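Let me begin by presenting the structure, written as structure tokens, before commenting on it.
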Amino acid sequence: MRIVIILLILANLTLYAYTRLDTGNGEAILLQDQVQPDKIRLLTPQQVAALGPGKVAALADVCVDWGPFGDSERSRVLAELEPLALGRLLTQKRVELDGGYWVSMGPFPNRGAGEARSAELRRQGARDLTVVDGPRGQYAISFGTFRTEVAATARAEELAQLGITLVRVERRDQPITQTVMVVRDPPQPTMAKLRELAAQYPGSELRVGSCERAS
């Protein structure tokens, strides 16, 4: 009986020593084999975007920012995205930019004259325009504010195709507020569609990165 007890004690001691060795050096060796810091490389947003729609869609917790857009473009962009049925995957954020460009017509001596001209322009097919206060008590028709001169010029050319001339593209020194569309974890077809749409909006950019944490 005493021999059996001694054997059991020896067996337990052997098992204890084995488990301690395994969880100590054993795990360290396994981690050393699995984790190789010199082979880990973080990708920039541009490198992530270059992976292609399929690989971007396979990443987790990734947000795609598309924009920025002025108020004149915002409604059109939302209409473009509506068929994708993004639901809660789509959010909007307002960003303030240092300066930009705007497309305008005027000045007009009073708001009534500006509104009358706006009605004529709408009948010609113009959309997303508004009458705004101008200097020295005058008024102007604004066709939107844009982050880049390229985007503003594209808007002026769009109006020219409708026969609307006498518009100006001007630099704005004061900050402008615009909208960025944010799509969280976009499926592959959505990512491909965003790239297609971005090419149709000069001055807009697609940026891929980690989603912002809610405050």
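Annotations
- Of residues in segment 135-155 being surrounded by fewer than 17 Cβ atoms within 10 Å (Cβ to Cβ) and over 23 Å from the mean Cα position of the chain (by Cα), the one modelled with the highest pLDDT: Gln138
- In the set (1) within 24 Å of Phe69 (Cβ to Cβ); (2) part of a helix (DSSP H, G or I), the condition left unmet by Ala113 is number (1).
Listed here are the residues, each with its yes/no results for (1) part of a strand (DSSP E or B); (2) farther than 30 Å from Leu89 by Cα; (3) without any contact (Cβ under 8 Å) to a residue 40 or more places away in the chain.
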| residue | (1), (2), (3) |
| --- | --- |
| Glu157 | no, yes, yes |
| Thr165 | no, yes, yes |
| Val183 | yes, no, no |
| Leu194 | no, no, no |
| Pro202 | no, no, no |
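- Selection over segment 146-204 of residues that are in contact with a strand residue (DSSP E or B) (Cβ under 9 Å, 6 or more places away or on another chain) and of a type in the set (Gly, Ala, Ser) gives a count of 7.
- Unmet criterion (only one of (1) surrounded by fewer than 21 Cβ atoms within 10 Å (Cβ to Cβ); (2) aliphatic (A, V, I, L, M); (3) closer than 30 Å to Asp61 by Cβ; (4) touching a Pro at 6+ places or on another chain (Cβ under 7 Å)) for Met191: (1)
- Matching residues in segment 116-128 - criterion: being surrounded by 14 or more Cβ atoms within 10 Å (Cβ to Cβ), not hydroxyl-bearing (Ser, Thr, Tyr) and not in a loop (DSSP other than H, G, I, E, B): Arg117, Leu121
- Whichever residue in segment 107-139 is aliphatic (A, V, I, L, M) and in contact with a helix residue (DSSP H, G or I) (Cβ under 7 Å, 6 or more places away or on another chain) and, among such residues, is nearest to Arg94 (Cα to Cα): Leu129
The values are calculated or read from the model by the stated rules, or taken from the named source; none is laboratory data. Just so it is clear, the structure is predicted and the values come from calculations on it, not from any experiment. Glycine gets a Cβ as well: all are built from the backbone with ideal geometry, and neighbour counts include every protein chain shown.
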